[in-house]
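Chemist: First the structure, which I've put down as structure tokens, then a few questions once you've had a look.
The values are calculated or read from the model by the stated rules, or taken from the named source; none is laboratory data. The shown structure was predicted, so the numbers you read here are calculated from the model rather than taken from an experiment. We work out accessible area using only protein heavy atoms, side chains counted, and drop any ligands, DNA or RNA first. Shrake-Rupley method; radii C 1.70, N 1.55, O 1.52, S 1.80 Å.
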Amino acid sequence: MPGTRTTTGHFTFADWQERVIGPGEDANPRLAHASVRNTFTGGIEAAGTNCEYTIVYVTAKTGSFSGMELITGRVEGREGSFAVEERGFFGEDGTVHCTFQVVPGSGSGGLTGLAGEGGFTARHGEPSVAYRFAYEVAEESARTELRGSA
């Protein structure tokens, strides 16, 4: 993306509610659902995001997940909302690897036209997780192109 900016920051889990869907607490593989609320600081500023994960546990400590998160707040001063689709995996060592991408067309307010992707690596037990986010706001790019052609 030609007008891409990169920002970083941290997020914390404000709440994590997980329940087993099947086949049972001690069975593997098993399917679980988690409802999560996060608080972001840094380039993304948002409190109490809404996030829903579907998790497959292959063993008690390994598996993969996918989810959607609705973020309402600011991205480097631009206020609005957007959704991200997340995919990741976790291993025996307690490390979670996740990538996320802005859902096309989900940006609103000052974030209308937002596109981007990012990721994080979390370690079990650490309360704060560093993220990176590379993004572009389409309307910003269009204005830059218009100025350049005038």
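Chemist: Counting only protein heavy atoms, what percent of the accessible surface of the chain is carbon or sulfur at a 1.4 Å probe?
Modeler: 54 percent
Chemist: OK, next. Please turn the phi angles of segment 66-81 into ³J(HN,Hα) values with the Karplus equation 6.51 cos²θ - 1.76 cosθ + 1.60 (θ = phi - 60°), one per residue in order, whole Hz, x for glycine and proline.
Modeler: Values, residue by residue: 9, x, 10, 10, 9, 10, 10, x, 9, 10, 6, x, 8, 8, x, 10 Hz.
Chemist: Same structure again: For the chain, what log10 I(q)/I(0) values come out of the Debye formula at q = 0.19 1/Å, with one point per alpha carbon and no solvent?
Modeler: Rounded to two decimals, the profile gives -1.13.
Chemist: Here's something else I'd like to know. Which whole-number value in Å² is the accessible area per residue of the chain, probe 1.4 Å?
Modeler: Heavy-atom accessible area per residue stands at 55 Å².
Chemist: Right, next: For segment 101-118, just list the computed ³J(HN,Hα) in residue order, Karplus coefficients 6.51, -1.76 and 1.60, θ = phi - 60°, integers in Hz, with x standing in for Gly and Pro.
Modeler: Computed from phi, the couplings for segment 101-118 are 9, 5, 5, x, x, 7, x, 9, x, x, 10, 4, x, 5, 9, x, 8, x Hz.
Chemist: Another question, if that's okay. To the nearest 500 deg cm²/dmol, what mean residue ellipticity at 222 nm is calculated for the chain from DSSP H runs of n ≥ 4 alone, each contributing -39,500 (n - 2.57), summed and divided by the residues?
Modeler: Calculated mean residue ellipticity at 222 nm is -2500 deg cm²/dmol.
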